[in-house]
1. Would you mind counting up the charge near Leu283? Only other residues with Cβ under 9 Å from its Cβ, with Lys and Arg at +1 and Asp and Glu at -1.
2. Considering only Ala312, Ala390, Ala148, give the residue with the highest GNM mean-square fluctuation for the chain, with springs between Cα atoms whenever their separation is below 10 Å.
3. Give me the net charge of Asp246's neighbourhood, meaning all other residues with Cβ under 9 Å from the Cβ of Asp246; Lys, Arg count +1, Asp, Glu -1.
4. May I ask for log10 I(q)/I(0) of the stretch 292-422 at q = 0.16 Å⁻¹, from a Debye sum over the Cα atoms as equal point scatterers with solvent left out?
5. Could you work out the local net charge near Thr152, counting Lys and Arg as +1, Asp and Glu as -1, over the other residues with Cβ closer than 15 Å to its Cβ?
6. Using alpha carbon centroids, what distance separates the stretch 181-212 and the stretch 41-62, in Å?
7. Springs between alpha-carbon atoms under 10 Å, Gaussian network over the chain: tell me which of Ala249, Ala393, Ala186 tops the mean-square fluctuations.
8. Placing +1 at every Lys and Arg Cβ and -1 at every Asp and Glu Cβ, with all other atoms neutral, what dipole size does the chain have around its Cα centre, in debye to the nearest 20?
Amino acid sequence: MEYLKRAAERPAEETSARDRSVAEIIRAVRERGDNAVLDYNTKFDGNTRKLFRVTREEIDAARAQLTAGELSDLEEAHRNIRAFAEKQRECLKSLENVSVIPGAYLGHRVIPLAAVGCYVPGGSYPLFSTALMLITPAKVAGVKRVVACAPTEKGTQQINAKTLAAMDVAGADEIYAVGGVQAIAAMAWGTEQISPVDKIVGPGNQYVAEAKRQCYGQVGIDFVAGPSEVLAICDDSADPEIVAADMLAQSEHDKLAKGIVVTTSRKLGEAVMAAVKRQLEVLPTRAIAEASWNTYGTVILADDLDEAAKIANEIAPEHLEVVTRDTSVADKLVNFGSLFIGEETGEVFGDYASGTNHSLPTLRASRYTGGVWVGTFLKVCTYQHYTREAMMATAPLVSRMAEGEGLMAHKNAADIRMKRLG
């Protein structure tokens, strides 16, 4: 393994001040409810609206701002995301009447969460695609109350029109013009206007991510996400212009985003670096993308595809592309948020409209979790039903095990059934 371009180390976050700031906002929302939300909306976004929930009239007005083509694009992407989520949902079935001993009937039920909160960021870009990615699988899962929150456009009282229309297309039940840490705290703990939810999903800046972490336990969360990442495994058959474009597509997200090329071809690696420079010359988002690539872009020369797969599994990236003549190396990849196989399968397709989800684990979290999917909004709960025959067969075992642990009330709960029901 050889580095043709090595990334700088990401700076250690100044977490103490950030964490204290987040904790203070959460505390204020818990104690002062809507008044605190209004204060922070005004402070951070210049949003002075007192009624946080977006009305049907506002939604209709936002939809009216979009062209017929823009609405059609949202609806087509939504259809693809919904169709894939529906197929995922079909895989998650109840389990009934499993009998491990005569007279014992075990199983599990797949139960939708009652209420979830979807946070749609609106900082550098209006990420209306994220509204589709979060709300759609929640509705397919059967969640009855899907709450969506997004910050307003700076200095206004309105959510970006495309984001608001996307929330509506995806089927949000309640939409609130509230952003940042205060939105997470309000959905977690509740205020006068916003009833609490059971789980919060969605990306955001480091303050939103920290707020989710601090509210975890009061509510469930999907995961704590960091800056975007893409890794492409390439051989000499890859088109360097395409690979470079995919690196920049992630680099433009954030100056801390990371694009990584792992290739078996020195010539290809050098060609990608040259192509990145050429494409940056005409890229409208050059300022962010160039800073990201120059600082954190990485090009690694691997001895062969087996070594490339090992490197990718160790890095465990958010997005993982396989751009090789023989794509069977994909079978060796186990740590990724989402996998894109073949040169035709651009990572950006997954960002918008392929049907899979783009809310994915970063910072090596794909070692232990996948991304948001329909199962994120479901819980699998077991049940059991014993006949007297099964009870009499199992109670002695339970009694002995409870006594062995010194839990005598547990032992008694088994023994008393044998006496009174046996």
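1. That sum, taken over residues with Cβ under 9 Å, equals -2.
2. It is Ala390.
3. Net charge around Asp246: -2.
4. Computed log10 I(q)/I(0) values: -0.84.
5. +2
6. Their Cα centres are 17 Å away from one another.
7. Maximum among the listed residues: Ala393.
8. With only Lys, Arg, Asp and Glu charged at Cβ, the dipole is about 1940 debye.
Only the coordinates and a few stated rules stand behind these numbers; no lab work does. A quick note: this is a predicted structure, and the numbers were derived from the prediction, not measured. Neighbour counts are summed over all protein chains in view; Cβ atoms, including those assigned to glycine, are modelled from backbone coordinates with ideal geometry.
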